1. Can you list the strands (runs of 3 or more DSSP E) found entirely within segment 58-164 that contain at least 2 residues being closer than 17 Å to residue 42 by Cα?
2. When you scan segment 121-138, how many residues do you find that are touching a residue at least 40 places away in the same chain (Cβ under 8 Å) and over 26 Å from the mean Cα position of the chain (by Cα)?
3. Has segment 41-56 got any residue that is crowded, with 20+ Cβ neighbours inside 10 Å and over 19 Å from the mean Cα position of the chain (by Cα)?
4. Which one is surrounded by the fewest Cβ atoms within 10 Å (Cβ to Cβ), of the residues in segment 66-93 that are under 12 Å from residue 131 (Cβ atoms) and under 12 Å from the mean Cα position of the chain (by Cα)?
Amino acid sequence: MKKIFLLLAVVAMTFLQGCEGDPGPQGPVGQTGYSAESQVMEITNVNFTAPSYGIIFNYGFQTLNSDHALVYRLSAIDGGNDVWQLIPQYYFYNDGTMNFGYNYDSTINDTSIYLEGQDLGTITDQYRLNQIFRIVIVPGQFTNKSAMSTKYEDVVEMLNIKESDFKKASRKYQN
């Protein structure tokens with residue numbers, strides 16, 4: 001009896017496996033004008049001055065809540081090659097206490113980049129004036145990867161970003 005029941009169960013599973021029901025209702029219409037491609041911007045001539053020691057960069061387009069902004073600072077030029085460091089990025093005194101740091105937050109419309117620390121007025125001009133940042137908007141479909149690298153070279157390679165893709169903006173932000 002058990003063998004017959006097992007045989008009937010296997011036969012039933014075979015027939016039911018290929019069945020389809022009625023199609024469900026149409027899904028909601030997607031956001032108009034949204035591109036699943038990454039957006040990239042370069043902000044030059046950034047000066048961190050009192051009282052805010054920060055800027056707000058308006059994208060000029062809207063991203064989705066699932067998208068993520070990565071912000072990189074040009075920290076050096078090595079052998080003619082730009083060295084981009086992901087922020088937040090912190091600098092410490094010899095005793096291990098934090099001197100200052102670059103940080104950011106973002107919304108679907110803009111990114112705020114700012115300095116944080118104890119006495120921001122004492123930071124040398126080298127770290128406060130004429131800074132250059134790159135913002136990479138990573139579409140949500142890529143940020144769900146558990147092993148996604150945030151290293152600049154890996155991100156631009158994964159998203160197939162070329163140097164010519166960066167839109168230069170030297171004064172499209174507010175202090």
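1. Details: elements: 68-78, 81-86, 89-92, 98-106, 110-117, 131-138.
Output list reads 68-78, 81-86, 98-106, 110-117, 131-138.
2. Qualifying residue count, segment 121-138: 2.
3. yes
4. My answer is 87.
Every read-out reported here was derived from the displayed coordinates using simple, explicitly stated rules and does not represent laboratory data. Computed from a predicted model, the values in this text were never measured in an experiment. Neighbour counts run over all protein chains shown; Cβ positions are idealised from the backbone, glycine included.
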